[in-house]
1. Please state the shape class of region 221-294: rounded when a/c is under 1.5, otherwise prolate if a/b exceeds b/c and oblate if not, all from the C-alpha gyration tensor.
2. Using 7 Å Cα-to-Cβ label points, what is the ASN180/ARG331 separation (nm, one decimal)?
3. Checking the a/c ratio against 1.5 first, then a/b against b/c, what shape does the Cα gyration tensor give for the chain?
4. Across region 327-341, in residue order, what do the Karplus-derived ³J(HN,Hα) couplings come to in whole Hz, using 6.51 cos²θ - 1.76 cosθ + 1.60 with θ = phi - 60° and x for Gly and Pro?
5. Sort out for me the Cα centre separation of region 272-334 from region 225-268, rounded to whole Å.
6. Using a Förster distance of 41 Å, how high is the FRET efficiency between HIS203 and LYS43, based on the Cβ-Cβ distance and rounded to 0.05?
7. What full-extension length gain, to one decimal in nm, is calculated for SER164 and ALA232 as 0.36 nm per residue of separation minus the Cα-Cα distance?
8. Give me a comma-separated list of calculated 3J(HN,Hα) values for region 224-240, in order, Karplus coefficients 6.51, -1.76, 1.60 applied at θ = phi - 60°, integers in Hz, x for any Gly or Pro.
Amino acid sequence: MAGLATQAFDSLPPHQKSFLRSLPKAELHAHLNGCIPLDCLIKLALDASKSDGPQPPLVREALQILKAGLNLNRIEDGFKLFPAIYHITSTPKAIALATSAVLDFFLEPTSPGVPPQCVYMELRTTPRSTPHMSRKEYLSVVLGEVVKRGGKASLIVSIDRRMSPQDVAECISLAIHFRNSGQPIVGIDLCGNPLSGNMKAFHTLMDAARDAQLPLTAHIAESERNTAQDTAEILSWSPRRLGHATFLDADAVLKVSREKIPIEICLSSNLVSKTVESLSAHHLRSWLELGHPVIICTDDTLLFKTNLVAEYALLLARPPLGLGFEEEEIRRIAQMGFRYRFHESRKTWNAVQKIARFKN
Ligand SMILES: [Zn+2]
């Protein structure tokens, strides 16, 4: 069965489909390992099984799901896949191919005459050390692919909530190192299981990232069980964007709206993960009514069977398949993706680097 967003897209008349396809869009919240196109993942899985011999049970199970054809109407199937995806993309060659396929998926035309899903993207990934590469090598390989897309793509370095402060320190210092070498790293992300980790332990490190002019986007209040203290701690890091922000408490809503911190909205992700009951109950509408900045994003296209055009179709399609917004409002929403990207800071940093090299 097609994803919810694809159903919304399929319900549109041809002129509205072409409106959405040609609308300039920016993707600011997409995780590398959750967005690998299925055909690429299957090919990499076959390559890995040929060379690596016996697979761990979790990987074997996920490979069986892959071979049988993915059915991710159950979110647990998606979570089961992640250890396998990490295993499959554990070599420099595999992560390079996966990154390239994800960038193609978003930034290249799907067929002749059809515009790409978006004209700019900020891809995010957590640097992983594997038996085949260090975190530094991982980032270097991913950046090698991002850089080939010129100004169309940038990278955000993700910090997983489960990491130790030492690992977080390593990831942030790598992000600073590569950014200072002129690589297109534009920010830091906080992600991972929303109920794991003690965010107070990251406070000084997040301050350090901000001091190094790496803006922060943070997954926040994703679960009903996230505490007000957890949310307040993350907001104390002065994030420049927020991911999901589904269960903000009253104090947090006040702060976020007063400071107009843009919210990355991932409709299919929230619906499939069942953190939001229905499209009509989604917090997107109440933020828009406040005149608050929002950005429409996909999160994990592989798991949620979606793409950026289809996510916009959820705005345009008539209820119950979509929210029934007018084209003019959707055009205005799409512009916010460009206004709130971290890309502009990249230009400033490049200029700073050029001057620094001249002084030296
Ligand atoms: Zn996310």
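1. Values: a/c = 1.84, a/b = 1.26, b/c = 1.46.
Cα axes put region 221-294 in the oblate bin.
2. So the label points at ASN180 and ARG331 sit 4.5 nm apart.
3. On the way: a/c = 1.29, a/b = 1.06, b/c = 1.22.
Note, shape of the chain comes out rounded.
4. Going residue by residue, I get 4, 5, 5, 5, 4, 5, 5, 4, 4, 5, x, 7, 5, 10, 6 Hz, with x marking Gly and Pro.
5. 18 Å
6. 0.45
7. Working: separation 68, 0.36 × 68 = 24.48 nm, distance 2.03 nm.
Here the segment from SER164 to ALA232 would lengthen by 22.5 nm.
8. Those phi angles translate into 4, 8, 5, 7, 4, 5, 4, 4, 5, 4, 5, 5, 5, 7, 6, x, 8 Hz.
No lab work stands behind these numbers, since they all come straight from the coordinates. Treat the numbers as computed from the prediction; the structure is a model and nothing was measured. As a convention, Cβ positions derive from the backbone with ideal geometry for all residues, glycine included, and neighbour counts pool all protein chains shown.
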